[in-house]
Every structure is written in C-alpha cells, then in structure tokens.
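First comes the structure, then the notes that go with it.
The values are calculated or read from the model by the stated rules, or taken from the named source; none is laboratory data. Treat the numbers as computed from the prediction; the structure is a model and nothing was measured. All Cβ positions, even for glycine, are placed from backbone atoms using ideal geometry, and neighbour counts span all protein chains on display. Surface accessibility is based on the protein's heavy atoms, side chains included, excluding ligands, DNA and RNA. Shrake-Rupley method; radii C 1.70, N 1.55, O 1.52, S 1.80 Å.
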Amino acid sequence: MKITVLIDNNALNGRRYAGEAGFCALVEEEEKRFLLDSGCSDLAVKNAGMLGVDLTRLDAVILSHGHYDHTWGLRFLPESRRSDGGQTRLIAHPAALLPKYINGEPFGVLPETLLRYEVQESREPLWLTSRLVFLGEIPRVFGFEEGRCLGTLDAHGGQIPDPLLDDTALAWRGEDGTAVMAGCSHSGICNIVRHALAVTGKDRILDILGGFHLQKASGEILSKTGAYLRERGATAVHACHCTDLAAKIGLSAWIGVQEVGAGLTLCFGEEQENI
C-alpha cells in the first residue's frame, strides 16, 4: 500500500507544496486508487499536479466524516472514473451526508458535490480490497475520549446536537499488523485503533496517519492515549491535522511522533520493500 498526503495543515520543508487546515490523502492498494477526504479548497488538485498524481482515475472517494475541512474540496476535483471505467463511488457513513452546523453556520458536505458520484453509505465495515477496509461506525468504549458535539438537523429542520457518529477511518491489514488512516478521530483515536484491530483480526498497530483530534488535551488524556497505543504495538505514528504541538510532545513520551506534511509518501507491504 502507498499513501500520498495531498493536504495537511503543513507542507514538507523544502518542497513547493502548500498546506491548509484540512486533510486529503491518496491511498493506492492492489491497483486500486482511493482518495481519503478532499480538504476544503482546490489545494488537493494543485498539490497533486506538482506531485504528478492523477485524480481522474479514482475507484472511490472516502469521507472520514462530514466536515467542511474534509469535504468542501470535492467541488474542485476533476471528473473521475473507476479503474474498470465505471462511475467513481463516494463512500461514507450515512450521517456524514446530513447537514452540519457550527455556531449556526453550515459546516457539512455541500449537496451539489455528490451528484458526480455513485454514493454508497455504510455503517458497517466495507472491504475495498483484500487488505484495505472502510471501518464504518466506530464503537466508543473509552470514556476519556468523549468528544464535543457540534450540530446537525432533525427530521423537521431543527438544529440538534451531533454526536459525530459518522467519524470513521480506513485500515490496512498487513502480515505483521494493521495500519490506520484517520481524518479527525472525533470518535477517539483509541476507539478507532481498537475497532481497526478487531475488524482486521490483528493485535498490533504498524502506524497511524491522520488527525488525532487532540487539541488542548489534558495530560491525563495524552498519557492514556499514548499508553494504549504503545500497548497495541505502535512504535511510531504520523499524527497531523487536528493534533496540536502540545499533544505531539505529550505523545512522544510514549511513542515516536513522525513529521507529516503535504507531499509525504508512506509505503507498506511490497511497496515498502521496493522503495
């Protein structure tokens, strides 16, 4: 599996790529190509052009959740087709496509951007290849990871709290463990890891790329998070996007925290052996 980060808050030093407050990554596995999130502007397209990445052939666009910094970039993506010539799928938890608000302002997926895709909603894990899986709804078992609710709409158009049940991730099953690709981890990075290991049938985490949603987190939360990830075998993680500097420093007492930015490439399995 090969992962290319197209958007993060930061860009790798010494490169011409740009960053923004969002996330987008191309995941290539078994000759299939998946885009995880899209950022919030046309930056994925611009960075992809400089990287020589073709966004006109995508087997699916995956939404980690339905917030603007992961979905508004959909409107700028070029028309794409699957590797078999069919219409590109857009895969998401059903709640990801509901209207979302923060402080009364729209915060969710722009409905018109869905028209070019074959939309596939799933609360259950969905295998994309023999090794890569969309995790679906994440069971929430760790009390210290309870998150802040934002807003959505009920059936009558009234605003109600949104528990962000749509927040999910991708997992890749390797010979020696599981790699996880998350967007924001509103459902809790430890909850995501626990579910990823259960779905893939592994007991060790190889790596985690993505936002950990650890901003202004207490020392207790950082310690419990770091201890659990180390317990699950993680020696290094690529925490980015919504993981602040204090969280990275706190986690580094437990596991290695690696640099992330637009332009980063990570490889696992046969791809890793060939670089």
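Scanning region 108-144 for residues that are open to solvent by 30 Å² or more (accessible area, probe 1.4 Å), among the hydrophobic types (A, V, I, L, M, F, W, C) and farther than 30 Å from ALA227 by Cβ turns up LEU110, LEU114, LEU115, VAL119, LEU126, TRP127. Residues in region 1-27 that are of a type outside the set (A, V, I, L, M), touching a residue at least 60 places away in the same chain (Cβ under 8 Å) and either touching an Asp or Glu at 6+ places or on another chain (Cβ under 8 Å) or part of a strand (DSSP E or B) (or both): LYS2, THR4, ASN9, GLY19, GLY22, PHE23. Checked against the criteria, LEU135 counts as among the aliphatic types (A, V, I, L, M) and out of contact with any Asp or Glu (no Cβ under 8 Å at 6 or more places or on another chain). Residue pairs whose Cβ atoms lie under 7 Å apart, separated by 6 or more positions or on different chains, with the first residue in region 159-176 and surrounded by fewer than 22 Cβ atoms within 10 Å (Cβ to Cβ) and the second basic (Lys, Arg) and part of a loop (DSSP other than H, G, I, E, B), are ASP176/ARG204.
Each row is one residue, and each column tells you yes or no for (1) touching a helix residue (DSSP H, G or I) at 6+ places or on another chain (Cβ under 9 Å); (2) small (Gly, Ala, Ser); (3) over 27 Å from ALA179 (Cβ atoms); (4) at pLDDT 95 or above.
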{"site": "ASP42", "(1), (2), (3), (4)": "yes, no, yes, yes"}
{"site": "ASP69", "(1), (2), (3), (4)": "no, no, no, yes"}
{"site": "ASP84", "(1), (2), (3), (4)": "no, no, no, no"}
{"site": "GLN87", "(1), (2), (3), (4)": "no, no, yes, yes"}
{"site": "TYR101", "(1), (2), (3), (4)": "no, no, yes, no"}
{"site": "TYR117", "(1), (2), (3), (4)": "yes, no, no, yes"}
{"site": "THR129", "(1), (2), (3), (4)": "no, no, no, yes"}
{"site": "VAL133", "(1), (2), (3), (4)": "yes, no, no, yes"}
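Within region 91-101, being hydrophobic (A, V, I, L, M, F, W, C) and either touching a Ser or Thr at 6+ places or on another chain (Cβ under 6 Å) or open to solvent by 50 Å² or more (accessible area, probe 1.4 Å) (or both) holds for one residue alone: LEU98. Remark: pairs (first residue in region 70-85, buried (at least 21 other Cβ atoms within 10 Å of the Cβ); second residue among the acidic types (Asp, Glu); Cβ separation under 6 Å; 6+ apart in sequence or on different chains) = HIS70/ASP37.
Being out of contact with any strand residue (DSSP E or B) (no Cβ under 6 Å at 6 or more places or on another chain), acidic (Asp, Glu) and either at pLDDT 95 or above or farther than 26 Å from ARG33 by Cα (or both): is that true of ASP207 here? In short, no. Taking GLY188 as the residue in question, decide whether it is under 18 Å from CYS24 (Cα atoms) and touching a residue at least 12 places away in the same chain (Cβ under 8 Å). No. Taken together, the criteria place PHE76 among residues that are modelled with pLDDT of 95 or more and under 22 Å from ALA21 (Cα atoms). Look at THR88 and say whether it is within 24 Å of TRP172 (Cα to Cα), over 18 Å from the mean Cα position of the chain (by Cα), surrounded by 16 or more Cβ atoms within 10 Å (Cβ to Cβ) and among the β-branched types (Val, Ile, Thr). Considered against the rule, which asks whether it is within 24 Å of TRP172 (Cα to Cα), over 18 Å from the mean Cα position of the chain (by Cα), surrounded by 16 or more Cβ atoms within 10 Å (Cβ to Cβ) and among the β-branched types (Val, Ile, Thr), THR88 comes out as yes.
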